[in-house]
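The structure appears right after this line, and notes come after that.
The values are calculated or read from the model by the stated rules, or taken from the named source; none is laboratory data. What you see is a predicted model, and the numbers here were worked out from it, not measured in a lab. Here the Cβ is made from the backbone with ideal geometry for all residues, glycine too, and neighbour counts use every protein chain on show.
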Amino acid sequence: MEPEGRFAAMRFAALLNNLSQSLSRDNVDSLKFLCREMIGKRRLEAMASGLQLFQQLEELNLLGPDNTDTLSGLLSAIQRHDLQQQLDAFQQRGQEPQADSGNSSNGHGEVRG
């Protein structure tokens with residue numbers, strides 16, 4: 001994997017971790033319910049966090065740095081538009097030419113850590 005690709009993958013993993021931490025237990029339960037056709041009830045029952053759900057979606061090729069539509073739709077369905085916007089912003093940044101790859105700004109003057 002090229003360094004640019006590794007960087008995008010690391011940024012995406014950090015984003016998924018942040019999204020997961022922002023989800024309430026009810027949010028995770030709602031996401032699991034919405035994913036029952038994609039993942040299956042048995043696997044979903046064992047999942048305790050959003051991150052585990054996201055990892056399963058990645059394994060099924062339903063989620064990745066260049067493939068966020070499924071998760072964006074799921075977040076919209078559970079009315080977590082704040083998290084959907086974070087995901088959409090990541091996707092838009094990934095499609096823009098990288099003029100300064102060392103810039104970790106989120107586009108609003110804030111530096112993300």
Just give me the residues in region 1-24 being part of a helix (DSSP H, G or I) and either within 17 Å of H81 (Cα to Cα) or polar (S, T, N, Q) (or both), in sequence order.
-> L15, L16, N17, N18, L19, S20, Q21, S22
Could you list all residues from region 66-84 that are part of a loop (DSSP other than H, G, I, E, B) and either of a type in the set (D, E) or surrounded by fewer than 19 Cβ atoms within 10 Å (Cβ to Cβ) (or both)?
-> D66, Q79
The one condition L62 fails out of (1) more than 10 Å from the chain's Cα centre (by Cα); (2) at pLDDT 95 or above; (3) assigned to a helix (DSSP H, G or I) is (3)
Residues in region 37-69 that are small (G, A, S) and under 23 Å from R6 (Cβ atoms) total 1
For region 16-28, indicate whether the set of residues that are touching a residue at least 60 places away in the same chain (Cβ under 8 Å) and in contact with a strand residue (DSSP E or B) (Cβ under 8 Å, 6 or more places away or on another chain) is non-empty.
-> no
Does N67 satisfy the criteria of being under 20 Å from Q92 (Cα atoms) and within 11 Å of the chain's Cα centre (by Cα)?
-> yes
Taking F54 as the residue in question, decide whether it is out of contact with any strand residue (DSSP E or B) (no Cβ under 8 Å at 6 or more places or on another chain), surrounded by 14 or more Cβ atoms within 10 Å (Cβ to Cβ), of a type in the set (F, W, Y) and assigned to a helix (DSSP H, G or I).
-> yes
D26: among the acidic types (D, E), touching a helix residue (DSSP H, G or I) at 6+ places or on another chain (Cβ under 7 Å) and either surrounded by fewer than 18 Cβ atoms within 10 Å (Cβ to Cβ) or at pLDDT below 95 (or both), yes or no?
-> no
